[in-house]
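Right, one structure below, let's go through it.
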Amino acid sequence: MSGHSAYEFKNPVARWLDERLPILSLVRGQLVDFPTPRNLNYWWTFGGILATMLVIQLLTGIVLVMHYTPHVSMAFDSVEHIMRDVNWGWLLRWMHANGAAFFFVAVYIHIFRGLYYGSYRSPREILWMIGVIIFIAMMATAFMGYVLPWGQMSYWGAVVITNLFSAFPIVGKYIVTWLWGGFTVGNPTLQRFFSLHYLLPFVLAALVFLHVWALHITGNNNPEGIEVKSSEDTLPFHPYYTMKDLFAIVVFLLVYAGFVFYSPWYLGHHINFEHANPMSTPAHIVPEWYFLPFYAMLRAIPNKLGGVLVMFSSLIILFFLPWLDRAKAKSAKYRPLYRQFFWLLVIVCITLGIAGAQPAQGSWLLVARLATAWYFIHFLVILPVLSFIEKPRELPASISEAVLGKDKA
Ligand code: HEM
């Protein structure tokens, strides 16, 4: 794929700069001329949407920090101060809190898009693996951010999740003390979570840079799941995809704004309006919706260590996806059998999310166990087996043939 553009800048200042630091031709090569498959649909706009959400989170976060105090005796009140006294403080806070939720909406769509069209397959393994690391870093960031307002759910969420590490034999309790910076979740815990919550988004930004770099080496996958063969198959990124991305970003932001302005606490838990109280455990400790499928897996296993291992394995397994799926066609469009299992996986993940919000008992516990089992069966059994037994539909000779039809191509 192209690197720097060979474009000759007409503006003398631009030419002068570019001869000394070819930053303009780099931008031109990567964001303007970049040859992009001509058949990308709207599911391909979520990468741009994610980048937009990351910027919104960074900007709102940096201003929130100017008024927030990371101390157990002041954190809760400083958030109230932001909401009541700081000019537009309420907007900053609701944008940041709902921004996290919408960041996850976008990342889940982005990941499932990759699963449907086989975007994790060769030659995009590294791109995919960096994506998985981004996802894990996003979860760590969101978890630590949620603790900062120091409400009841913040505190008890931190207690439950940090305590998971105590499940490891021998070293477990030392790890937990080390994480807490003391013998309970307290001020040192809040301060280190604050520090890391500020740091990690910049690490995320660096990871996104690598992610997009890897993408620009291999080029995009596309709905047909076949590689670009000639210039007929591509369009320049600008204006075709800049405009398509921009349109999708605006629509996405409108829905997000609907939540921010009309129902800012719809996705939250009301008990987080109460100050953290180590003496009073809430009846139900539930994480934010985007963690619920993982929470369901954690509680599905009767043994604590087993639950922790299963939960972490559900993420680790994603790294091996490019090697578990060896099918001849990448895209589910040409794999009728895989397509059904894909939708079953979507249903299983949503079911896990619903089960994660219920108390871990009775029939919901059984549902969570079956869904957890299926999640692993899908990746470890169904994918490898389908690779051998499924006969894909006939693939088009090229992207342009798929788009324009055989005759025109
Ligand atoms: C902050 C989070 C992320 C950002 C900003 C981001 C950004 C992008 C962008 C801009 C693209 C190109 C446009 C597109 O295909 O939508 C892309 C592609 C891709 N991303 Fe991400 N991404 C993020 C997270 C992830 C995660 C968590 C995964 C997987 C676990 C992932 C896997 C991929 C793959 C496989 C592609 C290639 C898609 C294709 O061409 O078919 N990304 N990403």
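For region 18-26, check the following and say yes or no: at least one residue is within 16 Å of the ligand (Cβ to nearest atom) and free of Cβ contacts under 8 Å to residues at least 40 places away in the same chain.
No, because not a single residue in region 18-26 is within 16 Å of the ligand (Cβ to nearest atom) and free of Cβ contacts under 8 Å to residues at least 40 places away in the same chain.
Of the residues in region 388-409, how many are within 20 Å of ASN221 (Cα to Cα), under 32 Å from the mean Cα position of the chain (by Cα) and either without any contact (Cβ under 8 Å) to a residue 12 or more places away in the chain or assigned to a helix (DSSP H, G or I) (or both)?
Residues flagged as within 20 Å of ASN221 (Cα to Cα), under 32 Å from the mean Cα position of the chain (by Cα) and either without any contact (Cβ under 8 Å) to a residue 12 or more places away in the chain or assigned to a helix (DSSP H, G or I) (or both) within region 388-409 amount to 4.
Checking TRP343 against (1) without any contact (Cβ under 8 Å) to a residue 40 or more places away in the chain; (2) among the aromatic types (Phe, Trp, Tyr); (3) touching an Asp or Glu at 6+ places or on another chain (Cβ under 9 Å), which single condition isn't satisfied?
TRP343 satisfies every listed condition except (3).
Hey, does region 112-121 have a residue that's among the aliphatic types (A, V, I, L, M) and within 16 Å of the chain's Cα centre (by Cα)?
Looking through region 112-121, at least one residue is among the aliphatic types (A, V, I, L, M) and within 16 Å of the chain's Cα centre (by Cα).
Within the bounds of region 385-405, is there any residue that is among the aliphatic types (A, V, I, L, M), touching a strand residue (DSSP E or B) at 6+ places or on another chain (Cβ under 7 Å), crowded, with 16+ Cβ neighbours inside 10 Å and modelled with pLDDT of 95 or more?
yes
The rows are residues; the columns are (1) of a type outside the set (Gly, Ala, Ser); (2) more than 30 Å from ARG326 (Cα to Cα).
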| site | (1), (2) |
| --- | --- |
| PHE135 | yes, no |
| MET144 | yes, yes |
| PRO149 | yes, yes |
| SER166 | no, yes |
| GLY172 | no, yes |
| VAL176 | yes, yes |
| TRP180 | yes, yes |
| VAL185 | yes, yes |
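Step by step: first the residues of region 215-230, then only those that are of a type in the set (S, T, N, Q) and surrounded by fewer than 18 Cβ atoms within 10 Å (Cβ to Cβ), then the one that is nearest to the ligand (Cβ to nearest atom). Which residue is that?
Among those residues, the one meeting the criterion is THR218.
Give me the residue from region 41-99 that is of a type in the set (Ser, Thr, Tyr) and part of a helix (DSSP H, G or I) and, out of that set, surrounded by the fewest Cβ atoms within 10 Å (Cβ to Cβ).
Selected residue: TYR42.
Kindly establish whether PRO302 is in contact with a Phe, Trp or Tyr (Cβ under 6 Å, 6 or more places away or on another chain), in a loop (DSSP other than H, G, I, E, B), surrounded by fewer than 19 Cβ atoms within 10 Å (Cβ to Cβ) and not acidic (Asp, Glu).
Considered against the rule, which asks whether it is in contact with a Phe, Trp or Tyr (Cβ under 6 Å, 6 or more places away or on another chain), in a loop (DSSP other than H, G, I, E, B), surrounded by fewer than 19 Cβ atoms within 10 Å (Cβ to Cβ) and not acidic (Asp, Glu), PRO302 comes out as no.
Quick test for you: out of ILE161, ILE82, ILE130, pick the one residue that is under 26 Å from ASN39 (Cα atoms) and assigned by TED's automatic domain parsing to the domain that holds GLY47.
So the residue among ILE161, ILE82, ILE130 that is under 26 Å from ASN39 (Cα atoms) and assigned by TED's automatic domain parsing to the domain that holds GLY47 is ILE130.
Yes or no: ASN187 of a type outside the set (A, V, I, L, M), more than 12 Å from the ligand (Cβ to nearest atom) and buried (at least 22 other Cβ atoms within 10 Å of the Cβ)?
no
List, please: which pairs have Cβ atoms under 7 Å, are six or more places apart or on different chains, and start with a residue in region 239-255 that is farther than 12 Å from PHE46 by Cβ and touching a residue at least 12 places away in the same chain (Cβ under 8 Å) and end with one that is within 11 Å of the ligand (Cβ to nearest atom) and hydrophobic (A, V, I, L, M, F, W, C)?
TYR241/LEU40
Residues in region 17-34: is at least one surrounded by fewer than 17 Cβ atoms within 10 Å (Cβ to Cβ), over 15 Å from the mean Cα position of the chain (by Cα) and among the hydroxyl-bearing types (Ser, Thr, Tyr)?
Checked against the condition, which is being surrounded by fewer than 17 Cβ atoms within 10 Å (Cβ to Cβ), over 15 Å from the mean Cα position of the chain (by Cα) and among the hydroxyl-bearing types (Ser, Thr, Tyr), region 17-34 yields no hits at all.
Among the candidates VAL107, VAL72, which residue alone is of a type outside the set (Phe, Trp, Tyr), more than 16 Å from the ligand (Cβ to nearest atom) and modelled with pLDDT of 95 or more?
Sole residue among the options that is of a type outside the set (Phe, Trp, Tyr), more than 16 Å from the ligand (Cβ to nearest atom) and modelled with pLDDT of 95 or more: VAL72.
Restricted to region 244-292, and to residues that are in a helix (DSSP H, G or I) and of a type in the set (Gly, Ala, Ser), which residue is nearest to the ligand (Cβ to nearest atom)?
Residue satisfying both the conditions and the ranking: ALA248.
The values are calculated or read from the model by the stated rules, or taken from the named source; none is laboratory data. Remember, it's a predicted structure, so these values are computed and weren't measured experimentally. Cβ: placed from backbone, ideal geometry, glycine included. Neighbour counts: every protein chain shown.
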